[in-house]
Amino acid sequence: MISRLLETSGAENAPTPPVLHAEALSKAYGPITVLSDVTLDIRTGEVHAIIGENGAGKSTLMKLLSGHAAPTGGTMAMAGERIAFADAVQAEDAGIVLVHQEILLAPDLTVAQNLFLGRELSRFFSVDDRKMNRRSAEVLERVGSTARPLSRVGDLPLAQRQLVQIARALLDDRKVIILDEPTAMLANDEVDALLDIVRNLRAQGVAVLYISHRLEEVETLADRVTVLRDGKMIGTWPATELDQRQMAELMVGRELSMLYPPKRGLSAADPVLTVNDLSVDHGKTMGSFTVRPGEVLGIGGMIGAGRTELIEGLMGLRPAQADSIILNGKNVTQPDVGTMMSAGLVYLTEDRKGKGLLLNEGLGPNLTLQALNNLNPNVRLDRRKETSTVRRAVQDYDIRVRTLSVEAGQLSGGNQQKLLLAKVMLADPSVVIIDEPTRGIDIGNKSQIYSFIDDLVRAGKACVVISSELPELVGLSDRVLVMRGGRFVAELTGEDITEQNIVYAAASSGNDTEGRKRA
Amino acid sequence: MSSAEIAAIPENEGFKIRWGDCAPFIALALIILLGALINSNFMSTNNILNVITRSAFIAIIGVGATFVIATGGLDLSIGSMMAFVVGIMIMAMNALAPSLGAWAIPVGALVALVVGSLCGLLNGLIITVGRIEPFIVTLGTMGIFRALITYMTDGGSLSIDRSLRSAYRPVYFGDFLGIPYPVIITLVIASLGAFILYRTKYGRRVTAVGSNSDVARFSGVHVGRVRTMAFVIQGFCVAVAAICYVPRLGAATPTTGQLWELQVITAVVIGGTLLRGGKAHIWGTVAGALILEVIANVMVLSDMVSEYLVAAVQGTIIIIAMLAHRFTGPR
């Protein structure tokens, strides 16, 4: 099937001239080539998706096109004229802007101040706040954001910050907008809103380069799709010719086996964890639930429904009280990460880079940080044991590294996630809570992480998975709890675990405030 | 990957010199070379020992400061704290001298160690329990300690009892096999510091807290305790420096240890420890302290630059060190 697809890739005749054309673009860092020979047309009024596994070279390509890095080979042309950017500012002046995947905003400034940061409007000798606020309101409305110009960015939820970031890119007229995983942080309804914004941009004649891991978005949104693999270009196709499975196969370069392991069915064992009336952040989020050995319990809901907050409260990472928390038969009165870990419960955060890994440290310090006391009974560090532990983790979790001294920040997202999983598993827990287990990682690593989860559950442990990706929640969970407005609103089992049911429970029947009153 | 391949993954990429880590030692060597070229007296054993001995105070306090800075903290109170501890120690020794004789010295030293550690604990607890910036807290305690020593000396000086002087004198001026005691104490403290920082669980947690306190918290590290403990270590080191300092001048004055905090922070930063935390070099700090003292010495020995400009040269050095770090470091 792949060979058939490859044949069609050459046969395209562009009716409109490309606004941006890249010819044989390459990038090497020293002896290591990360991107080679990419030839690409981007036309006005189209959404051009770039897909590929992590490490395929997508980010590098984006950096080259937006002037954040200089190519080591190949040329670029805008509307037929050859161009080269010395830096991102030149690229922006030429009309190309990159919206980063990470949120790069100053949290203590207002939305309007952030939007105009570095290009403030002035009147006489002072900044013209009134005009900036007015224009901010306009552009925020254009991207469908509910944030107000005078809100402090640090007070906004992640999704709104992402929209502010897109709004910042749209402040000036742009010819090409590059969106790097714009939906990675968003919940489903917010994703839909974002896709509408992108369609809107396309209708306005902007060329959109769209990078995403979510193939369903690419399928519904893109006009053309370019696939990268291992730093090489595989081809460009009209989106109508590819379905999600074909895209995935082109990305991986092999036929995909089943992504999700077979389910285990409902567990009848006695609960290993029972949480009664846990109240987090002074009652903002509340819930009771049980977890049984041998099951994957999914927790679904929109972003902001309180899923992460509830679990962070359970781990003592936020102010919380509970009637009782019974873990492995023990009543935990004063929860904190350490006591929970020794009682058999660990939590893997959704914020891999901010709260999970020491990016400037090597594998060893990262891997052993949490279970330091288990590994080293004495005050002194046992270095030999640490090295052997790292080796075992690299093997068991298939962490791909060239040397063991590599810094965690240099690993790809998938390898970072596997390292984190190895880290929390070092304490030999009986319950593992994983928040967004596969956010921002590619399909190959995803399927591996799913099978790790399956393995540990089949070994009699329990796993709680918080996920905003509905297919994942449906594909993995034996039981799903849905949260809305800081409360559990539904429990789904067996055949009832469907995307529709989860969305319905998470979003429907009245608004959040009503849900809060009822519970 | 097969297990054979895993076993074949090298621990690191062969032997690679990390220039960033060696920089303070290379700089020290260059300055010493310069000194030797400028004045032949510089390389005399007497002068060298004198310089090393004088750098001991900043080096010893610097070991503690390395811990504080590695956790992402900062202690501005160390200079005043040092003066305060010196004052308390002299008062204790003088009070004990009639009854204990020369034994007043070790007991007084013990008192100093306890008081120093308690001062550090005070700083640490206000910072972690009160959740206030270390800069502000230690700015406050800096003033408090300075005022207390001024009050204790009544604006003049507080001298150690005559009967104790001769017994106490060797702690600064004496030597063992030709090596002055302050140098030996510096080596012991730095070795101890290096052991704690690089070879113990606590040291691992110090680095973790400094490089990302959220990650540490989410991994079950008691961030507050680690930070507080770093300040206690700092206080202890200040007390050790105080013990070495008293026999040198035999008195505490309101200006004892003045501006030492800046010299110490300079030494730590020249040594390669990141001011924002997470990366610490104990031996770099010692090299940093030596660099500061050697520069001062070279300038005194040479006629080319006025010794009144010592601080300016030291200031230039810290800026150059940071620039070098910026351009030789990764990315």
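What follows is calculated from the coordinates using simple rules that are stated; it is not laboratory data. Note that the structure is predicted; figures quoted are calculated from it, not measured. FYI the Cβ positions are ideal-geometry reconstructions off the backbone, even for glycines, and counts take in every protein chain you see.
Just a few scattered comments:
- Residues A:H68 and B:L30, FRET efficiency given R0 of 35 Å [Cβ-Cβ distance, rounded to 0.05]: 0.40
- Fewest-first ranking of A:M286, B:M43, using other Cβ atoms within 10 Å as the exposure measure: B:M43, A:M286
- Per-q log10 I(q)/I(0), region A:104-171, q = 0.13, 0.19, 0.23 Å⁻¹ (Debye; single scatterer per alpha-carbon; no solvent): -0.30, -0.62, -0.90
- Label point distance in nm, B:L177-B:R225, each placed 7 Å from Cα along Cα→Cβ: 3.9
- For the peptides B:314-320, B:60-66, B:287-293, A:299-305, residues were scored by their other Cβ atoms within 10 Å and the scores averaged per peptide; the highest-first order is B:60-66, B:287-293, A:299-305, B:314-320.
- Note on region A:62-142: dipole from Cβ charges, positive end direction compared against A:V111, A:L121, A:H68; the farthest Cα belongs to A:L121.
- Nearest-20 debye value, region A:104-171 charge dipole, Cβ charges on Lys, Arg, Asp, Glu: 160
- Filter on A:K27/A:K63; A:K58/A:K355; A:K263/A:K461 - keep pairs with C-alpha separation over 20 Å: A:K58/A:K355
- Principal semi-axes of the equivalent ellipsoid, √(5λ) from the alpha carbon gyration tensor of region B:51-328, are 29, 24, 17 Å from largest down.
- Within chain B: Cβ-based charge dipole about Cα centre, in debye rounded to nearest 20 (Lys, Arg +1; Asp, Glu -1): 600
- Per-pair calculated FRET efficiency, R0 = 35 Å: B:R199 and A:L259 via Cβ, rounded to 0.05: 0.20
- FRET efficiency, B:M322 to A:E81 (Cβ-Cβ, R0 60 Å, nearest 0.05): 0.90
- Loop-exposed chymotrypsin sites (Phe, Trp or Tyr not before Pro) per DSSP, neighbour cap 15 Cβ within 10 angstrom, longest uninterrupted part of chain A: A:126-519
- All C-alpha to C-alpha distances of region A:359-426, sorted into 5 Å bins beginning at zero, yield P(r) values of 3, 19, 33, 26, 13, 5, 1 percent in whole numbers.
- Cβ-based net charge around A:A91, under 13 Å, with every Lys or Arg adding one and every Asp or Glu removing one: -1
- Other residues within the sphere of radius under 13 Å centred on the Cβ of B:M91, judged by their own Cβ, net out at -2 (K and R +1, D and E -1).
- Partner chain coverage, peptide B:205-216 - average Cβ within 10 angstrom: 5
- The residues neighbouring A:G52, those whose beta-carbon lies less than 13 Å from its own, together hold a net charge of -3 under the Lys/Arg +1, Asp/Glu -1 convention.
- Spin-label pair A:N200-A:S126: with each label point 7 Å from Cα along the Cα-Cβ axis, the two points sit 3.3 nm from one another.
- Paramagnetic reach from B:I48 (point 7 Å along Cα→Cβ, amide N under 14 Å) across region B:148-179: B:178-179
- The smallest convex shape that holds all Cα atoms of the protein assembly as shown, its convex hull, gives 219 Å³ per residue.
- Backbone phi angles across region A:435-440, fed through the Karplus curve with coefficients 6.51, -1.76 and 1.60 (θ = phi - 60°), yield HN-Hα couplings of 9, 6, x, 10, 4, x Hz in residue order; Gly and Pro are listed as x.
- Residues of type lysines that A:K353 reaches as a straight line, Cα spacing below 19 Å, ignoring anything fewer than 8 places off in the same chain: A:K418, A:K423, A:K446, B:K279
- Among B:T141, B:T285, sorting on how many other beta-carbon atoms sit within 10 Å of each Cβ, with the fewest leading, yields B:T141, B:T285.
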